[in-house]
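Report on the following structure.
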């Protein structure tokens with residue numbers, strides 16, 4: 001049975017003037033996958049993700065996200081969720097108020113939001129903090145909440161931009177459990193990270209270097225291919241930074 | 001549309017959560033009204049007069065008595081010599097010095113020409129001129145009395161008398177003049193400062209990026225930033241007006257509806273400016289500077305403290321695009337003179353045009369940016 | 001010491017790289033000078049007046065001529081009836097209407113006295129009182145000349161006036177020195193407090209506090225660029241005032257600069273104090289702007305003379321540092337007074353500065369001791 005593609009990218013090119021940030025990228029993402037996007041800084045990850053999220057337009061190439069062409073970003077936005085690198089929840093609003101806001105933005109009615117909020121809080125064992133201001137919560141909790149908010153409206157795909165930066169190992173583990181749960185609900189997870197061990201948790205992984213995709217496969221297949229015992233090792237092998245210091 | 005509703009809910013919650021902001025929005029109008037309005041006046045209470053009497057005659061003493069009796073002057077010192085008199089001007093202890101020469105009474109008797117010398121501290125030119133003007137009036141009266149005493153028939157002493165009357169503000173109550181101005185400053189503080197800071201803050205902190213990924217349309221975002229402060233601005237206006245009415249008995253001759261309609265247009269113009277400036281600033285500090293600069297310039301040039309009609313040509317030209325100038329004028333005309341729609345129609349139209357223009361610039365600049 | 005200098009250098013670079021802020025920092029005083037010099041004026045020139053001449057005799061025409069000849073007035077309209085007055089005022093071009101009664105000359109001849117009515121537009125009280133004041137003066141002058149025509153031996157007193165410090169009676173002599181007060185408070189107190197609070201908000205203050213830099217070094221480093229910029233501002237303002245308006249510095253320039261430096265120091269320490277009291281930038285702005293700016297602008301005697309204010313304001317304004325500085329700067333700049341005239345005000349400013357510094361130091365220490373946030 002052919003798996004449904006939720007993201008189709010073919011020959012994506014993004015240029016800024018004469019600088020080519022994305023050089024003929026081609027890849028597909030299947031429904032329910034956990035798709036990892038790896039690469040050094042400046043490799044073109046952020047540029048690509050921004051196009052997929054509808055934040056910018058491709059210079060050329062075919063990009064279809066959730067069945068919508070990338071030239072109609074407004075439609076794409078309705079079907080996706082996003083968790084940004086810089087913080088996204090409002091410090092001076094409570095947990096419930098933040099959830100309500102994003103739920104409403106994505107078109108849910110108060111009738112839909114309320115019960116689902118309680119259900120979410122219960123699941124995270126967080127109900128007693130429902131009326132706490134985000135600003136007074138520790139970072140790990142905030143990150144988990146941000147993720148929960150990103151998928152609150154049941155998007156088809158959720159994009160996570162370095163979601164576990166600066167978080168302790170235990171919270172990171174819990175976070176990935178949340179990701180697994182989400183994928184199990186048939187929500188596709190598109191995650192960028194530069195924690196190499198997290199690459200192992202993904203179904204498939206892409207490695208970008210200097211605007212091009214230099215590897216795309218499951219973690220085990222990649223390790224075998226490059227004869228490495230870890231993703232980190234093979235990353236160093238194939239993703240050399242542009243300027244080598246002597 | 002529903003999205004906007006959720007955004008507005010969030011904005012209001014954030015405003016209410018910041019106690020400082022709340023205090024600023026409610027306390028400040030009250031404080032400003034009560035504290036500033038009585039103070040801002042050019043009307044002279046009384047001037048400090050120093051008199052150097054070198055004549056020591058009954059006539060000079062009579063003149064002195066007349067001056068002391070006037071409510072306008074307070075005789076505060078009697079310097080002994082010229083140098084001392086000058087020192088009083090330098091130290092600010094006297095606003096005006098009157099020097100009666102030693103041959104004053106002889107002059108009055110017709111032997112010589114009666115002279116009087118006046119030294120005035122003209123740093124405050126208005127006070128100096130008015131003080132001088134009052135002094136000459138009193139001297140003239142005194143002169144008249146002397147002549148009558150000397151036997152002249154009153155009808156032979158020709159003189160024009162006058163007592164000025166003031167329309168729309170018979171007691172020359174400065175509060176009536178200044179209150180509309182202070183109200184306008186209030187609205188600008190809220191409309192330009194707070195709203196713009198709010199907008200830029202979101203950009204600075206990064207929550208804006210998250211908003212960009214959502215289905216929120218740009219106009220919805222802008223509206224959510226602008227509408228709360230629009231409402232707050234009008235609220236504050238009403239609050240300030242009530243306080244002014246209760247505390248100072250400010251008259252309100254014209255139509256309240258017209259007043260609020262114009263204020264609403266003005267607020268839109270101001271918010272449009274805030275939006276425009278926010279596209280030029282990358283952080284709140286920059287915005288603060290830019291907004292403050294323009295606030296100062298617009299407010300001072302608007303005729304808030306001094307009439308815009310007596311400004312030079314270039315200033316009057318500038319005021320053609322100064323929304324504050326229109327607002328002040330409309331305010332005063334509607335509140336104090338009871339001017340009706342036709343009287344202010346031109347100003348109102350111009351203000352509306354400005355509002356539309358600013359909002360358009362803002363939207364264009366915003367598009368370019370994002 | 002080296003570390004400290006490196007830090008100060010960084011702070012300077014910070015500000016100088018911020019073009020927009022820098023431009024405004026210098027455009028602000030320039031604009032203010034122009035505005036207070038040319039636009040915001042309390043002098044009257046060519047105020048529009050209207051004449052309602054019911055007399056049509058030689059006295060009324062002589063008076064009208066006198067009014068027109070004066071630099072204060074321009075006759076904009078000749079009304080024909082009393083009913084036209086309201087409309088004329090409402091249009092907004094006329095400040096005053098002078099009404100000559102029917103039998104003006106005749107009354108003067110018969111009874112020696114005639115009344116000329118003046119009606120002024122009271123909705124602008126300052127203009128109204130000035131305009132009526134000048135009109136009255138002109139009428140008085142005419143009366144005096146009438147007296148003299150009678151009989152050259154009639155004793156008629158002609159007082160002479162000498163206007164000190166500002167012989168041309170320009171209102172910017174009063175305002176422009178005050179501009180320095182406003183600008184300095186703005187740059188120093190407002191900007192300083194906002195800058196420091198910003199570091200607090202973004203958490204970079206913590207980083208600084210953990211570094212080998214001592215707390216006083218951090219504060220001084222943060223504040224130094226503004227001190228420097230403010231001094232430049234003062235000089236720019238003084239130069240502009242001189243070249244654009246011919247506004248002199250009659251007193252000792254050294255004294256003036258020294259007083260300015262004291263005031264700058266005061267404003268900076270006030271800014272620091274504010275920054276220890278608030279945690280958010282918006283709040284720093286609210287406190288500095290609302291709490292400082294408006295009272296400085298309106299209550300310090302800068303624009304509106306304190307003597308005109310109701311009782312109690314005189315005492316209230318004593319806590320405003322700006323009030324003292326306005327006096328100092330007017331005395332030194334315009335009157336040319338020496339230190340002996342301003343020592344009292346200077347002492348008060350110095351005490352205030354000390355007070356702010358001590359208070360800030362205390363608060364800063366408390367923050368450090370109880371940890372951050």
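The values are calculated or read from the model by the stated rules, or taken from the named source; none is laboratory data. Here the structure is a predicted model, which means the values were calculated and not measured. Backbone-built Cβ (ideal geometry, glycine too); neighbour counts: all protein chains shown.
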inquiry  = What's the total number of residues in segment C:295-307 that are more than 7 Å from chain B (Cβ to nearest Cβ) and within 19 Å of residue B:126 (Cβ to Cβ)?
reply    = 5
query = Any residue at all in segment C:168-178 that is in contact with a strand residue (DSSP E or B) (Cβ under 6 Å, 6 or more places away or on another chain), buried (at least 20 other Cβ atoms within 10 Å of the Cβ) and facing another protein chain (nearest Cβ under 7 Å)?
reply = no
query = Is there a residue being away from chain A (no Cβ under 14 Å) and in contact with a helix residue (DSSP H, G or I) (Cβ under 7 Å, 6 or more places away or on another chain) anywhere in segment B:5-25?
reply = yes
task = Tally the residues that are surrounded by fewer than 16 Cβ atoms within 10 Å (Cβ to Cβ) and either without any contact (Cβ under 8 Å) to a residue 12 or more places away in the chain or in contact with a helix residue (DSSP H, G or I) (Cβ under 6 Å, 6 or more places away or on another chain) (or both), restricting the search to segment C:71-83.
result = 2
ask   = Got a number for residues in segment C:88-120 being under 15 Å from residue C:51 (Cβ atoms), at the interface with chain B (Cβ under 7 Å from one of its Cβ atoms) and touching a helix residue (DSSP H, G or I) at 6+ places or on another chain (Cβ under 6 Å)?
value = 2
remark   = For segment C:84-99, the count of residues that are part of a loop (DSSP other than H, G, I, E, B) and closer than 15 Å to residue C:117 by Cα equals 1
query = Hey, residue B:257 hits all of (1) in the same structural domain as residue B:272 (by TED's automatic domain parsing); (2) part of a helix (DSSP H, G or I); (3) in contact with a helix residue (DSSP H, G or I) (Cβ under 6 Å, 6 or more places away or on another chain) but one; which does it fall short on?
reply = (3)
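Being out of contact with any helix residue (DSSP H, G or I) (no Cβ under 7 Å at 6 or more places or on another chain), at pLDDT below 90 and either assigned to a loop (DSSP other than H, G, I, E, B) or more than 10 Å from every other protein chain (Cβ to nearest Cβ) (or both) is true for just one of B:282, B:278. Which residue is that? Even if it seems obvious, please write down each step before you answer.
Values: B:278 fails: out of contact with any helix residue (DSSP H, G or I) (no Cβ under 7 Å at 6 or more places or on another chain).
Only one candidate qualifies: B:282.
Within segment C:294-317, take every residue that is without any contact (Cβ under 8 Å) to a residue 12 or more places away in the chain and over 14 Å from residue B:42 (Cα atoms) and give me the one that is nearest to the chain's Cα centre (by Cα). Lay out the reasoning, then the answer.
Of all residues in segment C:294-317, those without any contact (Cβ under 8 Å) to a residue 12 or more places away in the chain come to C:294, C:298, C:304-305, C:307-312, C:314-315.
Those still in the list that are over 14 Å from residue B:42 (Cα atoms) too: C:294, C:311-312, C:314-315.
Values: C:294: 12, C:311: 21, C:312: 21, C:314: 17, C:315: 19 Å.
Among them, the one singled out is C:294.
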Residue B:28 vs. criteria crowded, with 16+ Cβ neighbours inside 10 Å and modelled with pLDDT of 85 or more = no
query = Are any residues in segment B:36-45 at the interface with chain C (Cβ under 8 Å from one of its Cβ atoms) and either touching a residue at least 24 places away in the same chain (Cβ under 8 Å) or in a helix (DSSP H, G or I) (or both), and if so, which ones?
reply = B:36, B:38, B:40, B:41, B:42, B:43, B:44
query = Among the residues of segment B:324-342, is any surrounded by fewer than 22 Cβ atoms within 10 Å (Cβ to Cβ) and either closer than 30 Å to residue C:199 by Cα or without any contact (Cβ under 8 Å) to a residue 24 or more places away in the chain (or both)?
reply = yes
request  = For residue B:235, state whether it is within 13 Å of another protein chain (Cβ to nearest Cβ), part of a helix (DSSP H, G or I) and within 15 Å of residue B:189 (Cα to Cα).
outcome  = no
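Of everything in segment B:317-336, what is facing chain C (nearest Cβ under 10 Å) and within 17 Å of the chain's Cα centre (by Cα)? Give them in sequence order.
Taking segment B:317-336 as the starting set, the residues that turn out to be facing chain C (nearest Cβ under 10 Å) are B:318-319, B:329, B:332-333, B:335-336.
If the condition is that a residue be facing chain C (nearest Cβ under 10 Å) and within 17 Å of the chain's Cα centre (by Cα), then B:319, B:329, B:332, B:333, B:335, B:336 are the ones that fit.
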ask   = Which one of these does residue C:136 not meet: (1) touching a strand residue (DSSP E or B) at 6+ places or on another chain (Cβ under 6 Å); (2) closer than 29 Å to residue B:88 by Cα; (3) assigned to a helix (DSSP H, G or I)?
value = (1)
query = Among helices (runs of 4 or more DSSP H) lying entirely in segment C:261-373, which contain 1 or more residues that are within 30 Å of residue C:206 (Cβ to Cβ)?
reply = C:281-285, C:339-369
query = Do we have residue B:299 as facing chain C (nearest Cβ under 10 Å), in a helix (DSSP H, G or I) and at pLDDT 85 or above here?
reply = yes
note = Inside segment B:153-171, the number of residues satisfying the requirement of being within 7 Å of chain C (Cβ to nearest Cβ) and within 26 Å of the chain's Cα centre (by Cα) is 7
task = Please tell me if residue A:140 is surrounded by fewer than 21 Cβ atoms within 10 Å (Cβ to Cβ) and more than 28 Å from residue A:109 (Cα to Cα).
result = yes
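Give the residues of segment B:209-224 that are over 19 Å from residue A:161 (Cβ atoms) and within 14 Å of chain A (Cβ to nearest Cβ), sorted by residue number.
Filtering segment B:209-224 down to residues over 19 Å from residue A:161 (Cβ atoms) leaves B:217-224.
Listed by number, the residues that qualify are B:217, B:218, B:219, B:220, B:221, B:223, B:224.
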task = Check whether at least one residue in segment C:308-328 is loosely packed, with under 15 Cβ neighbours inside 10 Å, more than 28 Å from residue C:40 (Cβ to Cβ) and within 13 Å of chain B (Cβ to nearest Cβ), and report yes or no.
result = no
